[in-house]
Amino acid sequence: MLKIEHLRKNYDSFSLDCSLEIMQGCVTGLIGQNGAGKSTTFKAILGLISIDGGTISILGKDSQEFGAKDKQNLGVVLSDSGFSGYLTINDIIPVLDHLYGNFDKPFFVEQVQRFQLPRHKKIKEFSTGMKAKLKVLAAISHDAKLLILDEPTAGLDVIARDELLEMLREFMEKDEERSILISSHISSDLETLCDDLYMIHNGKIIMHEDTDVLLSDYALIKVDHKQYENMDKQYILRYKKESYGYSCLTNQKPYYMENYPQIAIEKGNIDEVITMMIRGKEL
Ligand SMILES: Nc1ncnc2c1ncn2[C@@H]1O[C@H](COP(=O)(O)OP(=O)(O)OP(=O)(O)O)[C@@H](O)[C@H]1O
C-alpha cells in the first residue's frame with residue numbers, strides 16, 4: 001500500500017532518513033517523541049514538502065506519478081490543518097461531495113448524529129474533540145483505501161480518544177483491503193489499534209515490530225552486578241545502569257525466562273520499551 005525507502009529530508013538542525021512499509025489490511029503506527037520526524041514523514045508522503053532523497057511508492061505508484069485522481073483513494077488527517085472555522089458541517093457536506101466521487105453522504109450524516117456533532121454551529125466554536133472527530137470522519141467517508149493520520153488523537157480526553165479509535169476499527173472492519181498509517185505519541189492508542197509499530201527517534205527508525213510480538217516477547221530484565229556479569233547478553237537490545245545493578249531490554253523474553261529462572265523479568269509496556277530504546281545504551 002505504501003513503501004518508503006530512505007526518505008531523506010534535511011533541515012538546519014534535523015535530518016530525516018526513514019524507511020517503512022504499510023501492508024494491505026494492516027494498521028501501522030508511527031510512534032515518536034515531539035520533533036522525532038513524524039509530521040515531516042507524513043508531509044513528504046503527501047508531496048506537501050520537497051524531499052532530498054529516497055523513494056515513496058503509494059498504492060503501487062511512485063509518488064511523483066500520484067495524481068489528483070489517485071488521491072481520491074487516500075483519507076488524510078494532518079495535525080496542523082483542518083476545515084475553515086467559519087464553515088459549519090452543513091457547509092462542508094457539499095464540499096466533500098464535490099471533492100470525492102465516492103463520498104458516502106448518508107454514512108457521514110449518520111456518523112455526525114452518532115457523535116453528536118452540531119450541523120449548524122461554526123467549526124471554530126467546536127471543542128478540540130469535536131474538531132478531531134470531524135477531521136477523521138471526513139477522511140473515512142469516501143471509501144479511501146489508505147488512511148494517513150498524523151496525531152488524530154492529540155489533545156483528546158480518554159473517552160474522545162476511544163470513540164475515535166472505534167471509528168477507525170469500524171473503518172477497517174468494512175473492507176479487508178483497507179490500510180491505515182497513524183502517528184501518535186500516546187502509545188496506548190497505538191497498542192490497541194495497530195498491527196505493527198515503527199518507532200522514530202531523531203529522524204531515524206530505531207525499531208519496527210509486530211505489536212503482538214512487542215507485547216509478548218519484549219521484557220525488562222532487572223539484575224544485580226553479578227547477575228549482569230554472568231548473563232548471556234546476545235538478546236539484550238539496550239541496558240541502563242540502576243541503583244541495584246542494571247535494567248536490560250530484551251526481545252527474547254522466553255529465552256531468559258527459561259535459562260535464568262532466578263532473575264526478575266518484567267513484561268515491559270510499550271512506553272517502557274520506547275524509553276529503553278531511546279535512553280538505554282547499546283552493548
Ligand atoms: N519547515 C521547517 N523548517 C525547519 N525545521 C523544520 C521544519 N519543519 C520541521 N522542522 C524540524 O524537523 C524536526 C521534526 O519535526 P516534525 O514536525 O516532523 O516532528 P514530529 O515528530 O511530528 O513532532 P510533534 O509530535 O511535535 O508534532 C523538528 O526538529 C522540527 O523543528
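The values are calculated or read from the model by the stated rules, or taken from the named source; none is laboratory data. None of the values given here were measured: they were computed from a predicted structure. With ideal geometry, Cβ positions are generated from the backbone for all residues, glycine too; neighbour counts draw on all protein chains shown.
What the table shows:
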read-out: Given (1) over 21 Å from the mean Cα position of the chain (by Cα); (2) buried (at least 17 other Cβ atoms within 10 Å of the Cβ); (3) assigned to a helix (DSSP H, G or I), number of the condition residue 90 does not satisfy; value: (2)
read-out: Checking residue 112 against (1) within 13 Å of the ligand (Cβ to nearest atom); (2) crowded, with 16+ Cβ neighbours inside 10 Å; (3) not small (Gly, Ala, Ser), the condition it does not meet; value: (1)
read-out: Test: residue in region 58-78 that is within 16 Å of the ligand (Cβ to nearest atom), modelled with pLDDT under 95 and assigned to a loop (DSSP other than H, G, I, E, B); value: yes
read-out: Some residue of region 27-43 being more than 16 Å from the ligand (Cβ to nearest atom) and in contact with a strand residue (DSSP E or B) (Cβ under 8 Å, 6 or more places away or on another chain); value: yes
read-out: Residues of region 1-19 satisfying the condition of being more than 8 Å from the ligand (Cβ to nearest atom), out of contact with any helix residue (DSSP H, G or I) (no Cβ under 8 Å at 6 or more places or on another chain) and either within 22 Å of residue 275 (Cβ to Cβ) or of a type outside the set (Gly, Ala, Ser) (or both); value: 1, 3, 5, 6, 8, 10, 17
read-out: Positions within region 154-204 being within 16 Å of the ligand (Cβ to nearest atom), modelled with pLDDT under 90 and outside any helix (DSSP H, G or I), in sequence order; value: 154, 155, 156, 184, 185, 186
read-out: Any pair with Cβ under 9 angstrom, 6 or more apart, that starts in region 98-116 at a residue that is under 16 Å from residue 133 (Cβ atoms) and ends at one that is of a type in the set (Ser, Thr, Tyr) and surrounded by 13 or more Cβ atoms within 10 Å (Cβ to Cβ); value: 107/141; 108/141; 111/141
read-out: Test: residue in region 4-14 that is within 17 Å of the chain's Cα centre (by Cα) and of a type outside the set (A, V, I, L, M); value: no
read-out: Answer from 16, 48 - the residue that is surrounded by 14 or more Cβ atoms within 10 Å (Cβ to Cβ) and not acidic (Asp, Glu); value: 16
